[in-house]
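Novice: One structure follows; several queries about it will come next.
The values are calculated or read from the model by the stated rules, or taken from the named source; none is laboratory data. Worth saying up front: this structure is predicted, and the values here are computed from it rather than measured. For neighbour counting, all protein chains shown are included, and Cβ atoms are generated from backbone atoms with ideal geometry for every residue, glycine included. SASA here: full protein model, heavy atoms, side chains in, ligands and nucleic acids out. Shrake-Rupley method; radii C 1.70, N 1.55, O 1.52, S 1.80 Å.
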Amino acid sequence: MISSKSLQKIDGKSVQELAKELTLHVPHRYIQDHREPSFVSTSSSPLPSIPVVDMNDLINVLGSDKDEFKLLRSVCQEWGIFQLVNHGVDKLLVETMKEQVVKFFDMPVEEKLKYKLIEGDYQGYGQTILHTQDQKVDWADRFYMITNPVHRRKTHLLPQFPPILRETMEKYLEEVQKLAMNLFGLMGEAVDIEKQEMIDVFDDGMQSVRMTYYPPCPQPDLVIGLTPHSDAAGITILLQVNDVEGLQVKKDGVWIPVSFLPDAFVVNVGDILEIMSNGVYNSIEHRATVNEVKKRISLAMFFNPKLEADVGPAKSLLKNTRNLPMYKTIVMEQYLKDFFSRKLNGKTFLEKMKIKNNETS
Ligand code: OGA
Ligand code: NI
């Protein structure tokens with residue numbers, strides 16, 4: 001095992017800087033040996049697209065007709081991802097947030113390196129965190145940080161942002177948090193988890209964000225912008241910042257590109273909601289590809305249980321359905337630690353949470 005210090009130093013700067021100098025060939029450490037191809041559409045099989053959920057429809061059915069819940073449940077079960085329209089977050093705020101994220105990555109590299117990911121940590125600005133010597137590096141620069149609870153914020157990250165970016169992000173985090181809480185209530189109810197249990201677990205929960213910059217790449221098919229994974233979150237709310245596509249989801253064994261609708265958020269079920277739903281919901285496996293000529297920028301927000309909450313099948317669901325738990329229960333803080341000590345690899349982390357036949361919870 002070689003130290004993470006030597007591992008994290010890849011080329012010192014960022015993929016963004018590397019891409020500026022590169023005209024032909026991508027360095028070996030970014031080349032994926034066995035990248036799975038994308039879905040190829042033929043005239044007989046049109047490209048499937050991820051479902052669309054309208055927040056207005058969901059709010060309006062509250063307490064009355066349950067058809068919308070059935071729809072939400074089947075979407076979370078069969079897909080684990082949807083586009084959310086009429087989400088209610090102020091359009092101007094979203095547009096300002098996008099502009100500010102673009103500006104952040106446009107800053108000189110020296111400025112961004114003030115937030116550099118430091119040895120042994122997973123928060124800050126940098127490239128793929130390496131766990132093994134031969135691990136491939138994703139074609140992207142990322143900035144990941146915990147934003148709630150507030151006392152867990154790193155003082156050199158969000159608090160040191162340029163003022164407009166910081167203020168916009170604070171407001172955005174607050175607004176999207178409200179939306180996430182509404183979604184948790186609805187997605188929980190659709191699978192028989194009592195609303196109060198969702199509130200107890202997620203209210204003032206662990207919240208984090210990741211801004212990602214995917215530079216153009218002269219050999220886009222040889223690299224990956226973001227390794228296939230499912231998110232270790234309750235839900236993720238993703239904003240595509242600059243209208244360039246690249247997100248793909250694995251559905252029935254094939255990779256399908258996601259075309260973002262204007263003004264929509266993409267919401268995905270993470271591992272924790274799959275666990276809480278005792279396996280009814282599916283945490284979708286996804287990846288990001290890159291473009292030959294255009295950069296792509298995204299902003300993902302992850303909504304998680306409180307650090308002291310239990311991550312496991314929801315108690316009210318087990319009680320209501322009398323089903324046996326299919327996943328283990330561990331404390332969120334430990335869950336997080338375990339997740340970040342491994343490299344991303346599809347849904348393998350979730351597999352570790354499954355109760356095998358010869359085990360008990
Ligand atoms: C993530 C993620 C997708 C994207 O940050 O976990 O899946 O489109 N991002 O950048
Ligand atoms: Ni993700």
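Novice: Hey, could you grab the Kirkwood Rh for the chain? Inverse mean 1/r over distinct alpha carbon pairs, Å, one decimal. Could you put the intermediate results ahead of the total?
Specialist: Values: mean 1/r = 0.0474 Å⁻¹.
Kirkwood radius, the chain: 21.1 Å.
Novice: Related question: At a 1.4 Å probe, what is the % contribution of carbon and sulfur to the accessible area of the chain?
Specialist: On the way: 8640 of 16750 Å².
Carbon and sulfur: 52 percent of the exposed surface of the chain.
Novice: OK, next. Would you mind calculating the relative contact order of the chain from Cα pairs under 8 angstrom and at least 6 residues apart, reporting the percent as a whole number? Don't skip to the end; give the middle numbers.
Specialist: Details: 687 pairs, mean separation 76.4, N = 361.
Answer for the chain is 21 percent.
Novice: On to the next question. Using only the alpha carbons of the stretch 156-289, what is the convex hull's orientation-averaged projected area in square nanometres?
Specialist: On the way: hull surface 39.8 nm².
Computed as one quarter of the Cα hull surface, the answer is 10.0 nm².
Novice: While we're here: Sum -39500 (n - 2.57) across every DSSP H segment of at least 4 residues in the chain, then divide by the residue count to get the 222 nm mean residue ellipticity, nearest 500. Write out the running numbers ahead of the final one.
Specialist: Values: 12 runs with 113 residues, N = 361.
Computed ellipticity for the chain at 222 nm equals -9000 deg cm²/dmol.
Novice: Would you mind working out the accessible area per residue for the chain, using a 1.4 Å probe, and quoting it in Å²?
Specialist: Values: 16750 Å² over 361 residues.
Using a 1.4 Å probe on heavy atoms only, each residue of the chain averages 46 Å².
Novice: Go ahead and collect, in residue order, the members of the stretch 216-242 whose backbone nitrogen is under 12 Å from a label point 7 Å along the Cα-Cβ direction of T348.
Specialist: Residues passing the 12 Å test: 228-229.
Novice: Please state the relative contact order of the stretch 74-222 as a whole percent: Cα pairs under 8 Å, 6+ residues apart?
Specialist: On the way: 135 pairs, mean separation 39.8, N = 149.
RCO, the stretch 74-222: 27 percent.
Novice: Quick one: putting +1 on the C-beta of Lys and Arg, -1 on the C-beta of Asp and Glu, what dipole do you get for the chain around its Cα centre, in Debye to the nearest 20?
Specialist: That gives a dipole near 940 debye.
Novice: Continuing with the same structure: Hey, what's the Cα Rg ratio for the stretch 43-183 versus the globular rule of thumb, 2.2 N^0.38 Å?
Specialist: Values: Rg = 19.5 Å, N = 141, 2.2 N^0.38 = 14.4 Å.
Scaled against compact globular proteins, the figure is 1.35.
Novice: Extent of the stretch 246-296 along each principal axis, from alpha carbon coordinates, in Å, largest to smallest?
Specialist: Principal axes ranked by extent give 43, 27, 15 Å for the Cα atoms.
Novice: Can you tell which of F202, Q248, C217 lies farthest toward the positive end of the dipole of the stretch 166-297, using +1 and -1 charges on the Cβ of basic and acidic side chains (Lys, Arg; Asp, Glu)?
Specialist: In the stretch 166-297, that residue is C217.
Novice: Using 23 Å as the Cα-Cα cut-off, could you pick out the over-long pairs in K103/K343; K171/K295; K136/K356; K103/K295; K306/K337? Spell out each step's value before the answer.
Specialist: On the way: K103/K343 29 Å; K171/K295 26 Å; K136/K356 31 Å; K103/K295 13 Å; K306/K337 14 Å.
The pairs that break the limit, which is 23 Å between Cα atoms, are K103/K343; K171/K295; K136/K356.
Novice: Which value, in debye to the nearest 20, gives the size of the charge dipole of the stretch 46-194 about its Cα centre, when Lys and Arg are +1 and Asp and Glu are -1 at the Cβ? Kindly include the intermediate steps, with their values, before the conclusion.
Specialist: Working: 17 positive and 24 negative charges, 108 e Å.
So the dipole magnitude of the stretch 46-194 works out to roughly 520 debye.
Novice: Also: Suppose every Lys and Arg Cβ carries +1 and every Asp and Glu Cβ carries -1, with no other charges. What dipole size does the stretch 283-361 come out with about its Cα centre, to the nearest 20 debye? Provide the component values of the computation, followed by the final result.
Specialist: Values: 16 positive and 8 negative charges, 39 e Å.
Approximately 180 debye in magnitude.
Novice: Along the charge dipole of the stretch 242-341, which of V269, S298, L317 sits closest to the positive end, that is, farthest toward it, with unit charges on the beta carbon of Lys, Arg, Asp and Glu (+1, +1, -1, -1)?
Specialist: Sorting the options by dipole projection puts first L317.
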